[in-house]
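Contents: one structure, followed by commentary.
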Amino acid sequence: MIKELSEFGKPICERKYGEWNHVALKEEFISIDIVIDSAGNFQKFELFEKKSTIAEALTSKKGSARLLLDKAEEVLCCGGEKSKSKHTLFLSKLKLFQDVASLAPVIAFYGNNKSTGFEKALSDFENAIPEKNRNGNIGFRLQLEGIRIHEKAEVRREIIAVYESNKKNASRRKCSVCEQTEYPVEDEPHGMIKNVPDGKSSGCALVSYNASAFESYELKGNDNSTICANCARTYVEGLSALFSEGVKFKNKKNKDDILYSYRWPRRRSANYGLDTAILFCTRNNKPLPEIDQLEAPNADEVARMIESVTSGNVNDTHYIELEQLYSCSLSGAAARIAVRDWIETSLGHFRKSIAHWFKDIAIEKYDGDLKKIVIHYAPLYDLAKSCQRKNSDGGYDKDDTSTARVASSLWKAALQNIPIPLWILTKVLQRARLDKYGVTAERAALIKLILNRNKNGGDFMMTENSVQEERPVAYVCGQIFAKLENMQYYAAAGERNAGIRERYFTYTMTSPAAAFGRLFDLNSKHYKKIKNEKPGLAVTLDKELQELVKDVDINKMPATFSLEQKGQFAIGYYHQKQAQFANIKPK
Ligand SMILES: [Zn+2]
């Protein structure tokens, strides 16, 4: 995973650093310039909006100061006693580079011209810079020059040279990512990643071993992870990009009330748990429209995707898509990042998986507005939500945190075309029994998906619509149940009292033989009632019921259903109901 993140980060580093793409240099921010003349005399402070700049790389600030660019405590020693040691570090770093010609004015600022240089700047600082702006980085600039001293090519070259010569003494162990020994594996944090859900605002570290529990085999700190400085840099850059490249856009409500929200092209969160972010990308950062379809399917687009994969040729024979798709789900835990899941698959396999996904979740649904049956493709998150517990008032129970786990499982299954854990089937069947909306299209789609991907229920494949050919007993039982409910509906002539679903659905699912005995007794009463009022309708309904009943031996109904059979029962019930909706004739 680190290897891939590192590959992903490489071009980002190249774009960002250009010719200065080296591990010794790093992007930093600056908001104050100290302007001096060539003799080191202080001229003025210049305060501006935070800007990006490239400076010496420090992965950890503890015990070190950055060359020519740092906070006020280091640069100006203005923070009382405790800043003295920081300032000393800053000066000794300068001393290390004192032979660099470009640094001469700064050396004079702190040395020969101290009274008109450093001391004057220090006394001026509090007047010139408002307190709230004193936290940014400070750099040096020569009067009349546009470039800062730390940005000069000569200085950067020297930073790199010093880094390389120090490195000669460093350990020569192989990097576990790039398998090179060129850069040392350092005992330092690899860099912080911002915007991790539930993480610290200052950032989180993905790899960090700062507790002694992680030190083993006499290896210190990050020696355990053996990632070289260069790879550490590129993976941190890659991961940061995944977390941060959101597009801010205006959600204009009205003139005075402008809301901003973010759209993350390669990140999903919230729906997968408040503490979790799902990130995805391809190495070359290709657009992935299939992901949008997962979340908001468009029937025409989905049909096109299924068609292009089933006709096969695009992905199989013309060319092989070698590019890989990566997805990881991460959670912040204080200053660390916990990796929940890592998915790696080829783009070709990913596209096929998405097409399979839609085939597996496709379900027919009676559309009351269009007055016809349509194929329904539910958004991934709606499927997960259909498993969430509800309160007695009908609202979702916020304490049921499993929805995020269901969503993550479905995400993984969609991307990789793999089975769904059976505990989700238990969960969705429970909701189908207890919720007043019963077996909704989303629940039926989810049950169908799980059954088709876990063939424990035999080889029978659930289809999107009702079947009348050879089918499992539990499925037929579901159809019969829907028909009996249908007859009760006509017998009650629209009166709304507790229907047989509310009273018998759970019972039938758990003890089919016993329940059907009762249901058929009840039905003969309903049948008599309809026959008295509408003899023609009674004949039709009974004929339809007999059509279903002939396929099972009602005297030998199973005493119980297995988990998979319960799923088949629910689908049979759902399919039959949709078909009945579609057959309702206007009265
Ligand atoms: Zn490496």
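The values are calculated or read from the model by the stated rules, or taken from the named source; none is laboratory data. All values derive from a computational prediction rather than experimental measurement. Glycine also receives a Cβ, built like all others from the backbone with ideal geometry; neighbour counts cover every protein chain displayed. Note: accessible area is taken over every heavy atom of the protein model, side chains too, but ligands, DNA and RNA are not part of it. Shrake-Rupley method; radii C 1.70, N 1.55, O 1.52, S 1.80 Å.
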- Note on the structure: Exactly one of Phe97, Phe8 is crowded, with 18+ Cβ neighbours inside 10 Å and more than 16 Å from the ligand (Cβ to nearest atom), and that residue is Phe97
- Matching residues, region 61-91, being open to solvent by 60 Å² or more (accessible area, probe 1.4 Å) and not in a loop (DSSP other than H, G, I, E, B): Lys82, Lys84, Ser85, Lys86, Thr88, Leu89, Leu91
- Candidate set: region 150-180, residues that are at pLDDT 75 or above and of a type in the set (Ser, Thr, Tyr); chosen: the one nearest to Met1 (Cα to Cα): Ser176
- Task: Being within 16 Å of the ligand (Cβ to nearest atom), of a type in the set (A, V, I, L, M, F, W, C) and touching a residue at least 12 places away in the same chain (Cβ under 8 Å) narrows it down to one of Val177, Val162, Val155, so name that one.
- Result: Val177
- Task: Return only the number of the condition from (1) in contact with a Phe, Trp or Tyr (Cβ under 8 Å, 6 or more places away or on another chain); (2) free of Cβ contacts under 8 Å to residues at least 60 places away in the same chain that Asp70 does not satisfy.
- Result: (2)
- Index of the failed condition, Ala24 passing every other in (1) more than 29 Å from Lys132 (Cβ to Cβ); (2) open to solvent by less than 20 Å² (accessible area, probe 1.4 Å); (3) touching a strand residue (DSSP E or B) at 6+ places or on another chain (Cβ under 6 Å): (3)
- So which residues in region 392-451 are in contact with an Asp or Glu (Cβ under 8 Å, 6 or more places away or on another chain) and among the polar types (S, T, N, Q)? Ser408
- Could you pull out the residue among Tyr475, Tyr527, Tyr504, Tyr489 that is within 19 Å of Glu442 (Cα to Cα), of a type in the set (Ser, Thr, Tyr) and part of a helix (DSSP H, G or I)? Tyr475
- Just a yes or no: is a residue in region 181-190 part of a loop (DSSP other than H, G, I, E, B), open to solvent by 60 Å² or more (accessible area, probe 1.4 Å), more than 11 Å from the ligand (Cβ to nearest atom) and at pLDDT 75 or above? no
- Every listed condition ((1) of a type outside the set (Asp, Glu); (2) touching a residue at least 60 places away in the same chain (Cβ under 8 Å); (3) more than 23 Å from Ser562 (Cα to Cα)) holds for Leu370 save (2)
- Query: How many of the residues making up region 102-148 are modelled with pLDDT under 95, outside any helix (DSSP H, G or I) and among the charged types (D, E, K, R)?
  - Reply: 3
